[in-house]
Amino acid sequence: MIFRYFNRQSFVAVVAVSLVSLFGCSQQQPSATIEPSPDTATTVASETKAADPQAETLKNLQAAYNGESNAHVMYLEFSEKADEEGYAEVARLFRAAARAEEIHRDNHAKVIKSMGATPENDIATPQVSSTAENLEKAIKGESYERDTMYPKFISQAKTAGNEAAVQTFTYATEAETQHAAFYTQALNNLNEWKEATQPFYVCEASGHTTINAEEAAACPQPNGSEKFEEVL
Ligand SMILES: [Fe+2]
Ligand SMILES: [Fe+2]
């Protein structure tokens, strides 16, 4: 009984203390909120606003750099396969696109470096199938970049006010649009793409890819270098 008494006493005491604590807490006035001074608030807000979009753009540039690096390697493999299968003109197209992706890769790298970061890529071993399947895969990749990835990256770079990123993403979008169109044309007329009949032209500044020499000559020429390269 004594133990029971003490236990009951203890229980009552604990409950009482708990209730007091709870009641006490509920009655406590909220601690004073420390309001930032207007100056501090402005500084914090502007830093947050300025830092996040740039960080996001840098992340996008790294993703695009990695994508272009892999596309460059993959298209070179696809061109070899196309040559093996007797699709000489398709092989030229893959070589031209590979060169364009290389230009995009290097353009993205320049912007990444200008932001004080190091370009990072992870090159996967390309999976090479038949030329028809390789074209299908290439169309999917180019379409995704044209319709989804680069438009999102461009919009984000505009929010960040990063004109160099907007420029390099825009160059890439235009070229990926051309690649998707050429790949679709090749896939739909594969037998007509066996004989190598015409070269492709790739703009050194933007990766613009065309079979029209006059159109290629209109590409930007920031370094006074050759306007375009002929890819055979
Ligand atoms: Fe590209
Ligand atoms: Fe492309």
>> Looking only at region 87-107, count every residue that is within 13 Å of ligand 2 (Cβ to nearest atom), touching a Leu at 6+ places or on another chain (Cβ under 8 Å) and either not aromatic (Phe, Trp, Tyr) or not in a helix (DSSP H, G or I) (or both) and tell me the total.
In response: 2
> Name the pairs whose Cβ atoms lie under 6 Å apart, with the first residue in region 75-103 and at positive phi, the second open to solvent by 60 Å² or more (accessible area, probe 1.4 Å) and more than 16 Å from ligand 1 (Cβ to nearest atom), and 6 or more positions between them or separate chains?
Replying inline: 86/194
>> Suppose we keep only residues that are over 15 Å from residue 123 (Cβ atoms) and aliphatic (A, V, I, L, M) within region 65-96. Which one would you say is nearest to ligand 1 (Cβ to nearest atom)?
In response: 96
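Rundown of residues vs (1) within 16 Å of ligand 1 (Cβ to nearest atom); (2) touching a Lys or Arg at 6+ places or on another chain (Cβ under 7 Å); (3) more than 13 Å from residue 97 (Cα to Cα), yes/no style:
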{"position": "176", "(1), (2), (3)": "yes, yes, no"}
{"position": "184", "(1), (2), (3)": "no, no, yes"}
{"position": "188", "(1), (2), (3)": "no, no, yes"}
{"position": "193", "(1), (2), (3)": "no, no, yes"}
{"position": "205", "(1), (2), (3)": "yes, no, yes"}
{"position": "208", "(1), (2), (3)": "yes, no, no"}
>> Give me the residue from region 121-145 that is surrounded by 11 or more Cβ atoms within 10 Å (Cβ to Cβ) and acidic (Asp, Glu) and, out of that set, farthest from the chain's Cα centre (by Cα).
In response: 133
> Which one is farthest from the chain's Cα centre (by Cα), of the residues in region 97-120 that are open to solvent by 30 Å² or more (accessible area, probe 1.4 Å) and within 16 Å of ligand 1 (Cβ to nearest atom)?
Replying inline: 99
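The values are calculated or read from the model by the stated rules, or taken from the named source; none is laboratory data. All of these numbers come straight from a predicted model, not from anything done at the bench. Counting neighbours? That spans all protein chains shown, and the Cβs are built from the backbone with ideal geometry, glycine included. These accessible areas exclude ligands, DNA and RNA; they are computed on the full protein's heavy atoms, side chains included. Shrake-Rupley method; radii C 1.70, N 1.55, O 1.52, S 1.80 Å.
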